[in-house]
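The values are calculated or read from the model by the stated rules, or taken from the named source; none is laboratory data. Keep in mind that this is a model prediction, so the values were computed, not measured. Note that each Cβ is placed from the backbone with ideal geometry, even for glycine, and that neighbours are counted across all protein chains shown. The protein model used for the area step is the full one, side chains on, heavy atoms only, and it has no ligands, DNA or RNA in it. Shrake-Rupley method; radii C 1.70, N 1.55, O 1.52, S 1.80 Å.
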Amino acid sequence: MDGEVPDRAQGSHGLDLEQIRRELALLDRWRDIFGRPGLGSNNAAPQELRHSLLGSAQAFSADWQRACFRFHRPASALAFALQVDKGGARSVQMAVQGFILKHLLFPAQGRGAAHSLSALGPPEQDHGLAAALTTVLWAAGAARRATVCLDASTANAPGDDITERLWLFELSERDATERFIYDHLRCFQGEGSRGVVLFLCSLVLSRTLESLQMDLDGSTPHLLRPHTGGFLCRQAAVNLMLTGRASPHVFNGCQEGPSGDRLQGVQGRSEVGYLQGGRDPSEEHRPSQVGSMLQTPRVPIWLCNLSGHHGVLFSSDRQLVAHWKAERVFGLCLYNGQLAHLTVDTHAHPWESRRREEERRPGRRCSPLEMAIRTKWTEASVHWAGPAPSV
């Protein structure tokens with residue numbers, strides 16, 4: 001099962017009956033090798049999984065149940081990009097988007113980088129998504145294992161509890177995990193698939209329920225927070241996707257809380273980073289200064305939390321996180337449902353200093369994105385190629 005994943009003739013589009021039969025045969029083969037039904041005979045196990053995600057809530061809201069991982073049209077300006085929703089599932093889609101870009105721009109050894117993000121066809125899109133989902137789940141499993149959850153039922157009636165009818169596939173090799181996910185991408189992409197929910201269940205079970213509880217502290221009992229009829233990802237869920245550990249805080253290491261309790265931060269440098277600008281409505285009364293572990297990832301890609309709205313900031317120049325000289329004047333792209341280009345200038349120009357002082361005057365507001373950028377590149381000026389996006 002090791003080796004390169006074969007291309008699909010038609011990607012995730014236009015499946016005929018013969019292809020559907022082949023996919024069902026693949027599922028039967030994988031089930032015989034790695035699958036096991038549900039969460040075991042213990043009736044408390046689905047409840048424990050549900051509680052780790054939702055707390056006392058009994059089911060995912062409608063926006064989460066609709067959310068999946070679908071790309072924009074192939075061979076278009078946004079061929080590399082997932083279609084993102086307005087609800088709380090957007091933060092999950094954007095985190096996965098960051099790892100898709102990591103795979104396309106900075107692939108693993110032996111794979112070539114994408115020549116053009118806008119020239120991707122369905123096979124390249126599918127490979128990118130499979131690699132991204134695998135990377136996140138494999139990190140959550142401490143690079144030793146991954147659990148992939150599929151929906152064991154053919155009926156997807158709104159409101160039913162998907163945690164009660166999962167089919168679990170436990171894999172102990174990274175290549176086998178990627179091949180399995182690739183073979184079953186429709187379970188995460190298709191309309192009505194609840195792909196984001198299946199991915200979150202896979203993420204928690206890859207980490208294991210026991211390890212998840214060890215990651216969390218008293219400030220975060222579960223990964224999603226109720227908000228205006230739906231749910232938002234807590235920081236622990238975001239950190240789990242970025243680092244493989246559900247640390248509830250964004251600072252480096254651990255700190256002592258106001259009550260003398262131990263607060264869990266980020267323990268190591270992540271592949272995809274994280275920046276924050278403005279106030280996040282999903283996180284209240286907690287330290288919000290992002291530490292260097294998240295600010296300086298291994299590749300120049302950052303999930304950005306902009307007053308609770310998520311986007312991805314990225315560059316194709318790996319030197320941007322490897323050498324300080326690359327940080328003088330450089331270009332970045334922002335994807336937040338639309339694509340925008342900007343230039344960041346970290347030179348200390350007197351006229352720029354005066355302009356920034358004017359921006360700090362009472363009543364003058366700096367955009368959340370500029371705030372996020374300046375948490376990493378202090379005093380930087382930001383110039384947009386075209387109109388600035390509404391973030």
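Given a 1.4 angstrom probe, I'd like the percentage of the accessible area of the range 186-287 that is carbon and sulfur, rounded to a whole number.
Numbers: 1790 of 3830 Å².
Accessible surface attributable to carbon and sulfur in the range 186-287 totals 47 percent.
Each residue, ALA385 and LYS325, gets one label point 7 Å from its Cα in the Cβ direction; the gap between the two is 2.3 nm.
Rounded to whole numbers, the Karplus 3J(HN,Hα) couplings from phi for the range 167-181 are 10, 9, 10, 9, 10, 10, 10, 5, 4, 5, 5, 5, 5, 4, 4 Hz, using 6.51 cos²θ - 1.76 cosθ + 1.60 with θ = phi - 60°, and x at Gly and Pro.
Mean separation of Cα pairs under 8 Å and 6 or more residues apart, divided by the residue count, gives the range 58-111 a relative contact order of 27 percent. In the range 183-325, the ratio of gyration radius to Kirkwood radius, Rg to Rh, stands at 0.98 when only Cα atoms are counted. Can you give the FRET efficiency to the nearest 0.05 for ALA57 and SER307, using r as the Cβ-Cβ distance and R₀ = 25 Å? Result of the calculation: an efficiency of 0.55.
Could you pull out every one of the lysines with an alpha carbon less than 17 Å from that of LYS325, ignoring same-chain neighbours closer than 8 positions? Counting by Cα, and skipping residues close in sequence, LYS325 has these lysines nearby: LYS376.
Using a simple spin-label model with pseudo-atoms 7 Å out from Cα toward Cβ, MET214 and GLN267 lie 0.7 nm apart.
For GLN47, what charge total do you get from the other residues with a beta carbon under 14 Å from its beta carbon, if Lys and Arg give +1 and Asp and Glu give -1?
Spelling it out: positives minus negatives among the neighbours equals -1.
Oblate is the label for the range 253-345, because a/c, from the alpha-carbon gyration tensor with a ≥ b ≥ c as root eigenvalues, is 1.5 or above and a/b does not exceed b/c. Considering only alpha-carbon pairs that sit under 8 angstrom and 6 or more positions apart, the relative contact order computed for the range 84-171 is 22 percent. Using the 1.4 Å probe convention, the accessible area of the range 111-258 works out to 35 Å² per residue with neighbouring protein chains retained.
Evaluated over the Cα positions of the range 44-168, the convex hull gives a direction-averaged projected area, one quarter of its surface, of 9.1 nm². Of the peptides 258-270, 135-147, the order by per-residue mean of other Cβ atoms within 10 Å, starting with the highest, comes out as 135-147, 258-270. The relative contact order of the range 158-292 comes to 16 percent, based on Cα pairs under 8 Å that sit 6 or more residues apart. A cut-off of 5 Å between modelled amide H atoms, ignoring neighbours fewer than 5 places along the same chain, links LEU232 with ARG225, HIS227.
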